[in-house]
1. As a footprinting exposure proxy, order B:Leu134, B:Leu311 by other Cβ within 10 Å, with the fewest listed first.
2. Mind checking Rg over Rh on the stretch B:213-290, alpha carbons, Kirkwood formula for Rh?
3. Charges only on Cβ, +1 for Lys and Arg, -1 for Asp and Glu: so what's the dipole of chain B about the Cα centre, in debye to the nearest 20?
4. Using +1 at the Cβ of each Lys and Arg and -1 at the Cβ of each Asp and Glu in the protein assembly as shown, identify which of B:Gln482, B:Leu137, B:Gly82 lies farthest towards the dipole's positive end.
5. I want to make sure I understand the PRE zone here: with the label point 7 angstrom from the Cα of B:Lys443 toward its beta carbon, which residues in the stretch B:364-402 have backbone N atoms less than 16 Å away?
6. Based on other C-beta atoms within 10 Å, arrange B:His336, B:His355 from fewest to most.
7. With the calculation restricted to Cα positions, what are the radius of gyration and Dmax of the stretch A:163-212 in angstrom?
8. Against the empirical 2.2 N^0.38 Å scaling, what ratio does the C-alpha Rg of the stretch A:265-479 come to?
Amino acid sequence: MGFTAFNPTWLLSILPELLLLALAIVVLGVDLALPAERKRTLGLWTAAGLIVVLLVTLLVPLPQGPAFGGVVQIDGIAGVFRVIFLLGGILVALMSMDFQPLRQDGPYYGLLLFSLLGMSLMAIAENLVMLYVAMELTGISAYVLVGYMRETPQSAEAGLKYFLFGAFSSAVMLYGFSWLYAFAGGTGYAQVASAIGFVRFPLAVLAFLMVLVGFGFKVAMVPMHFWAPDVYQGAPTPITAFLSVGSKAAGFAVLLRALQFLFPALEMTWVVLLVAISMVTMTLGNTFAVWQKNIKRLLAYSSIAQAGYVLIGGAAASQMGVASAAFYLIVYTVMNIAAFAVVVQVSNLTGSEEIEGFSGLARRSSFLGWSLMLALFSLGGVPPFGGFVGKLLIFASAIQSGLIALTVVGVINVIIGLYYYLNVVKVVFERRSEQEQEPLEVPAPSKWVLGITMAAIVLLGILAYPVYQWVWQASAGWF
Amino acid sequence: MNFPFLSVIIFAPVIAAVLILLLPKDRQTEPKVLAAAGAFISLFMAVWVFLAYDRALGGYQFVEQVPWLPVIGSSYYVGVNGMGVMLVLLNALLLFCAVLISWHIEERPREFFALLLLMGVGVFGAFTLLDLLLLVLFYELVLFPIYLLIVNWGWKPLREYGAMKLTLYLLLGSLVAVVGILAIYFTSGLRTFDMVALGGVKFSPEFQRTWFLPIFVGFGVLASLWPFYSWSPDGYAAAPTAVSMLHAGVLKNVGAFTAFRVAVLLLPEGAKFWMPYIVFLMVMNVVYATFIALVHTDFKYIIGFASVAHLGVVLMGFAAMNELGWSGAVTMMFAHGIIAAMSFAIVGMVYDRTHIREIKELGGIIRRLAPAALGFAIAGFASMGMPGFLAFVAEVQVFLGLWKAASLAPWYPAIAIISVLGIIGTAAYMLRAFQYVFMGELKPQFADIPPVGPLDKVAIALMSLPLIAGGIYPLLVLPVIQSGVQSVLAVLGGA
């Protein structure tokens, strides 16, 4: 391969990432200048900055193709994932402003931005070393964020658990990378991909499995899902939301790209493997969610199950599969964040995250009640919301690829899922509570978060076309 | 025809529902007025469509088409043939009556009426859409308002169980059908969900035989096809009156009509292969439900099982696979819809005033609620197939259709005979219920229950009208229905 000379347009092609880095530094700087009582406004600074980055990403025609001698690859799908991360980041930053137990300070928002930067780099990395650095940047920032409420033992415990699991899976993955390097004598995806075809089958598959451990940790798929419920429960709720959407989407960005460009030679193997993992992930996530009494644990198992649905799109191994998976992740980002935004409000008020604590919520604030209901209905796949269209597209892609059994398992899982989502809705709307007459005021940032997510949930359902079209065209370059 | 009649019918209730939700929290009257207005606009337009539908021309009319997901070939494509015209009219009528019947709701009226309207919207969509994907979307759209309506406003002892059972049953059925629909979509090779275009595709007989069953039975769950009916009596017993009315009156028809449109019309070879066997399940609908209704003593359960039996007749009409049977099935959907809604409305009126549903504990109610008794008598007579009511016209067609279907399977005439016997059972349980509830001595504790209100009277009158008018002069409705059936048969090439 050799190194090509530095080309200044390379910098332009990673402009969103550079802007994220600049924003993180600005936020840390502003933190020093702000008096303690006004530090909450850092959330606004972060969100506003991210909106600017989002607009740049969407509106400025940035150069496409490989950059930095093939270390990163800017293509349509990478663009889609950048938008997912930025959208998630904006919503989480706003949501964090209303989470009372959290210390509002610069390092918190700074870490959030570094983690976002890592995710963005994960989506464009096409080189094993680059990928590893990006994943570690994401991961290490996230370990700290999970344990950010040092005073609360649950948060500290969650941080440690997340770190141990993360370090372990990352080590296994790195060992897998070293095998890949040994096969190919290089770390570029194209180089490794062409070498894998000549490697003896069990060795190649073993390397693939080790790499999959690292990716599976990020997306929380079975059997790398054990950390999710405890970490989701202990982490500050906005960070739970951030992990459940951002980290998961980043994991899928890496996984989908690796399947197509790192392991194309093993397609026969990984399709079978992903079908099996997807079935188990959906079923296990949904079944365990049924018994949960804590809303964050319920959403943790639900998000494991949701990862299973997205994996269907990966297993379909087609343009429709990738496009549907990406579309589903967009929808999933807004609906899951909406659910957590309501959880933040309720736990501020009652100090508890038990589902029982949601009794009478609809009577106290019909805005929160309807928001949570719409979010859960969308997660459950009820029309006309985005989650329904997303699931439909995913199942359609599976049938197109002839994965009928997987579709049937998926359909059964939708039913199980709806059972526990409806149970929460029932508590919110039907159960009475003693405080139901006290009105519940929703602070402005959360109102924006819920307003944006609600609009998105409905629009992605009834007017899915422009977004799906965009994702479809973005994925065209891969096939 | 440029004015978007069908879109106005479908979306007027949506707009009303959104306006209702935007009202301040404590309003009591405004939500009801808005709901009535929204439902009335739909009803007015539905009557207009009924009158303006060109019977001689036939086929799909009032067609509108706008792209929705062009990448996968889905568009917002609505249109009605003669069958759809009747069902849209039925839904509009019952939605309006359900709003009137619910006027006394004081518990969170805003949410109640908004959800009720959204339920109606889903039904309108399911009757009019010619795009399979959006058809499914609207079909399932009705499930979530129903769940919330039952769980929040339903009958306390049963509502959580009834609501969950109903929702999961129906969802499972529809998702099984969706898998079949996706199979049709990919096998056709047309990359379109356009039902009219897909109707022109000749699928291989093996494909049709494989996929007919999941699609027909999947949608058939909503039509309470035996043995997948058990959500229905429990759900209805748990549901508030207006929901029972709409669910029994139109939602089951959505199930039957969608099963017919998708499974029978797109996979006719599969239908010819399976119908002679599925027809036994439909007979079980009639026989089994009739027997249960004969011994049940809960007023609402009796009506619930009656509706299960009637749906058996509807489905049998479709199973006859000929013009008479299909025309009878559509007439029966219309008639049964009104009968079921009216019966549930009257059960609700009696229960709201006495808080008793056990028929043996009621008695002499006619002295206090004469209009309700009259309404129940009309519904009851219609239900037992008395000549002079629309259901008679329907049943005669269905049974003649079955008789003539002997070429399909030799046992069809026998099935017709068994079902006619079922009607005698209907007469027995309807009369029994009427006798226990309305006749006899007025019990002292019912001496001062409030009389039937003016809005309830209007609703009873509105629902009786088509039942009697259509029964006395069937040509009022039959030409429309038959033009629909004939245009469908023409596409199938005289199946």
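Any read-out appearing in this document is the output of simple, stated calculations on the displayed coordinates, not a laboratory observation. Quick caveat, the model's predicted, so the values are computed rather than measured. Methodologically, a virtual Cβ is constructed for each residue, glycine included, from the backbone with ideal geometry; neighbour enumeration extends over all protein chains shown.
1. Numbers: B:Leu134 24, B:Leu311 31.
Lowest to highest Cβ neighbour count: B:Leu134, B:Leu311.
2. 1.01
3. On the way: 25 positive and 23 negative charges, 69 e Å.
For this selection, approximately 340 debye.
4. B:Gln482
5. The answer is B:364-369.
6. Details: B:His336 28, B:His355 7.
Final ranking by Cβ density, sparse to dense: B:His355, B:His336.
7. Radius of gyration, then largest Cα-Cα span, for the stretch A:163-212: 11.3, 36 Å.
8. On the way: Rg = 17.9 Å, N = 215, 2.2 N^0.38 = 16.9 Å.
Here the answer is 1.06, to two decimals.
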